[in-house]
1. Under a point-charge model restricted to the Cβ atoms of Lys and Arg (+1) and Asp and Glu (-1), what is the dipole moment magnitude of the chain relative to its Cα centre, in debye to the nearest 20?
2. Find how many whole Å separate the alpha carbon centroid of segment 181-258 from the alpha carbon centroid of segment 286-321.
3. What shape does segment 100-180 take by its C-alpha gyration tensor, where a ≥ b ≥ c are the square roots of the eigenvalues and a/c under 1.5 counts as rounded, a/b above b/c as prolate, and the rest as oblate?
4. Return the aspartates and glutamates within reach of residue 318: Cα separation strictly under 15 angstrom, same-chain partners fewer than 8 residues apart disregarded; answer none if there are no such residues.
5. Assign unit charges at the C-beta atoms only (+1 for Lys and Arg, -1 for Asp and Glu), then state the dipole size of segment 212-302 relative to its Cα centre in Debye, rounded to the nearest 20.
6. Starting from the eigenvalues of the Cα gyration tensor, five times each then square-rooted, give me the equivalent ellipsoid semi-axes of segment 1-49, largest first, whole Å.
7. Quick check on the chain: helices-only [θ] at 222 nm, where DSSP H runs of length 4 and up contribute -39,500 (n - 2.57) each and the sum goes over total residues. Nearest 500, please.
8. Which lysines, on any chain, are close to residue 45 with Cα under 18 Å apart, when same-chain ones fewer than 8 places away are left out?
Amino acid sequence: MGDIFVVAEHRQGEIRDVTYEMLYKAHELCRALSHRLTAVVLAGKDEGLSEALARMADRVLVLEDKGLEHFDADFCKEILNALIQEHRPFLTLMGHASWGMDLAPALAVKTRYPLATDCVDLLLEDGSLKAVRQIYSGKIFSKVGFMPCEGYLVTVRPGAFPVPEGAEDRHGEVVHQDVPAGLSPGRKEFVELVDTGAGEVDISQAELLVSIGRGVGEEENIEMIKDLAQAMGGTLSCSRPIVDKNWLPKYHQVGTSGKSVKPKVYLALGISGAFQHVAGITGAGTVIAVNKDKGAPIFRVADYGVTDDLFKIAEALKEKLTP
Ligand SMILES: Cc1cc2nc3c(=O)[nH]c(=O)nc-3n(C[C@H](O)[C@H](O)[C@H](O)COP(=O)(O)OP(=O)(O)OC[C@H]3O[C@@H](n4cnc5c(N)ncnc54)[C@H](O)[C@@H]3O)c2cc1C
């Protein structure tokens with residue numbers, strides 16, 4: 001039986017959603033291939049990380065080391081290379097997030113395994129692994145194959161797969177392993193963690209997003225939409241022109257050069273639906289669009305559409321929400 005490795009990405013003692021999303025997909029592949037699903041935890045200390053992952057994996061490999069307190073791509077690359085040589089997994093998944101982007105290319109060079117990055121799907125065709133990637137800024141989905149090899153490396157776009165609702169009850173085996181002798185942290189020094197959400201907003205984790213586009217017209221109008229988002233229990237996000245005008249910070253931006261989001265509901269107000277924007281909402285549950293132009297491309301991806309002035313709809317919604 002082969003293995004599929006999922007490299008757990010975690011920060012400040014919390015497993016990032018992309019890890020659960022990878023486990024979701026890996027589980028599906030393992031079922032089809034009769035492989036074992038192994039989550040790999042590289043951490044300073046395993047404080048509940050393996051316990052959470054064991055519910056969704058057949059096995060959790062845990063390697064603790066002081067040098068892993070803060071992510072160090074060089075050190076992780078050396079450790080993962082050693083693990084891959086020892087366990088020979090068929091596939092190793094990493095998040096296409098800060099860890100994976102830093103780690104995966106170097107690991108591919110080290111292992112000489114083929115790597116596909118920023119994948120939005122993985123599938124099997126006649127027993128061969130294929131990866132789906134977006135090209136031309138999300139305009140086209142391309143299916144890529146791999147050069148035949150003993151193992152493959154893939155980074156997965158955050159939000160590409162669902163986070164399974166409620167923990168699965170797997171009781172995977174937790175195996176503690178020592179960091180291979182002779183390996184030590186690389187040349188990088190951890191300075192500080194700067195939270196891109198500045199501790200305020202993380203649109204990639206929001207369940208309800210109220211998103212504004214250029215249709216909002218003036219900077220002053222943003223306040224009322226912000227109030228609406230708050231009244232609805234949602235988070236404010238936006239299209240790129242709003243960030244380009246410096247009306248909102250970059251971490252609010254949805255799209256190919258912003259963030260991929262996966263809210264249960266995405267309410268798009270005055271957004272035309274350019275493909276660079278829409279590529280960021282493929283993981284959204286229900287998309288509701290308000291646009292005064294009935295030909296706006298956003299209506300092609302919307303589950304519900306309202307052809308009207310966004311302020312009229314925002315006022316009506318606010319009235320409904322005001323006791
Ligand atoms: C390399 C590259 C990367 C990019 N990355 C991103 C990205 O990550 N995210 C992103 O969003 N864009 C991105 N863009 C820009 C993208 O191409 C579009 O220009 C942008 O998404 C348009 O934003 P918008 O829909 O807010 O504005 P517009 O296209 O100008 O649309 C505004 C819409 O508002 C409607 N409207 C106007 N007034 C009202 C009203 N009162 N009520 C209702 N509707 C109204 C209009 O009918 C129109 O459809 C990128 C572009 C490039 C080249």
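1. Computed about the Cα centre, the dipole is about 1100 debye.
2. 22
3. Oblate, because a/c is 1.5 or more while a/b does not exceed b/c.
4. Correct list for residue 318: 223, 227, 309.
5. 420
6. Each semi-axis is √(5λ); the values are 23, 11, 6 Å.
7. After summing the helix terms and dividing by the residues of the chain, the value is -8000 deg cm²/dmol.
8. 66
Just so you know, all these numbers are worked out from the coordinates, no wet-lab data involved. These figures come from a predicted structure and were not determined experimentally. All Cβ positions, glycine included, derive from the backbone under ideal geometry; neighbour counts span all protein chains shown.
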